[in-house]
Each structure stands twice: as structure tokens, then as C-alpha cells.
1. Charges on Cβ only, +1 for Lys and Arg, -1 for Asp and Glu, centred on the Cα centroid of the range 1-90; of Ser19, Phe64, Leu74, which one is farthest towards the dipole's positive end?
2. How much of the accessible area of the chain, probe 1.4 Å, is carbon plus sulfur, in whole percent?
3. When the dipole is taken about the Cα centre of the chain, and only Lys, Arg (+1) and Asp, Glu (-1) are charged at their Cβ, what size is it in debye, to the nearest 20?
4. If you build the convex hull over the alpha carbons only and average its shadow over all orientations, what do you get for the chain? Give it in nm² to one decimal.
5. Quick check: pseudo-label points 7 Å beyond the Cα along Cα→Cβ at Val71 and Ser44, how many nm apart are they?
6. At 1.4 Å probe size, with every protein chain present, just tell me what the per residue accessible area of the range 31-94 comes to in Å².
Amino acid sequence: MFVASFAIGPGVCVWLALSELMPTRIRSNGMSIALLINQFVSTSIAAVFLPAVGRHGYSTIFFFGAACTVVYFLASAFLLPETRGKTLEEIDAFFARPAAK
């Protein structure tokens with residue numbers, strides 16, 4: 001369940017969001033910083049995984065990971081804008097508009 005959830009959640013959404021939602025003028029620097037943070041978090045999770053498994057067991061850790069992935073999937077499904085069929089300029093204009101009050 002965890003692997004399947006990851007494949008439709010953060011496994012894909014992180015890369016799509018970074019490549020499609022970064023404004024063109026800061027894309028190279030923004031993606032560099034975002035991917036550095038992504039790798040740091042991945043390394044931190046890998047470092048904590050075995051001690052956490054030793055303390056809580058495999059099933060608890062995998063269910064926790066699956067729950068985090070479901071939350072991530074719901075957040076990306078409902079909070080990220082649809083970019084299919086839109087140009088980079090249209091996406092940039094979407095984020096440049098003032099927030100609705």
C-alpha cells in the first residue's frame with residue numbers, strides 16, 4: 001500500500017510541481033534549492049528508518065509512511081493548480097495575481 005501510494009503521490013508530484021510551477025526566471029536556482037532540500041529530507045528519513053523500525057516495528061512505520069503519503073496526495077490533488085494545457089506564461093500569471101480575500 002505504501003509503495004503504491006508513493007508512486008501516485010510524492011514519487012511523481014514533487015518532480016512535476018518543481019518543473020511546472022517554478023517561475024521561469026528563478027527555475028534553475030529554485031529547483032536546485034528544492035532538490036537539495038528533497039535530498040536532505042530523503043537522507044534524514046533513510047537515517048531514521050532502521051532505528052524507528054527497531055523501536056516501533058515495520059508495520060507501524062510503513063502505515064505511518066502510507067498515511068503521510070495519503071495526506072501528501074490529497075494536498076497535491078486539492079491545493080496545486082491544474083497545469084495541463086497551459087503555457088508557462090499562463091501558470092506564471094496564475095501565481096502573480098493577488099490572492100483573493
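The values are calculated or read from the model by the stated rules, or taken from the named source; none is laboratory data. Model, not experiment: these values are computed from the prediction. No Cβ is skipped: glycine too gets one built from the backbone with ideal geometry, and neighbour counts run over all protein chains shown. Only protein heavy atoms, including side chains, enter the accessible area calculation; ligands, DNA and RNA are left aside. Shrake-Rupley method; radii C 1.70, N 1.55, O 1.52, S 1.80 Å.
1. Phe64
2. On the way: 5530 of 7750 Å².
Its accessible area is 71 percent carbon and sulfur atoms.
3. On the way: 7 positive and 5 negative charges, 35 e Å.
Here the size comes out at about 160 debye.
4. Hull-based average projected area comes out at 8.1 nm².
5. Reported label-point gap for Val71 and Ser44 is 1.4 nm.
6. Working: 4930 Å² over 64 residues.
Using a 1.4 Å probe on heavy atoms only, each residue of the range 31-94 averages 77 Å².
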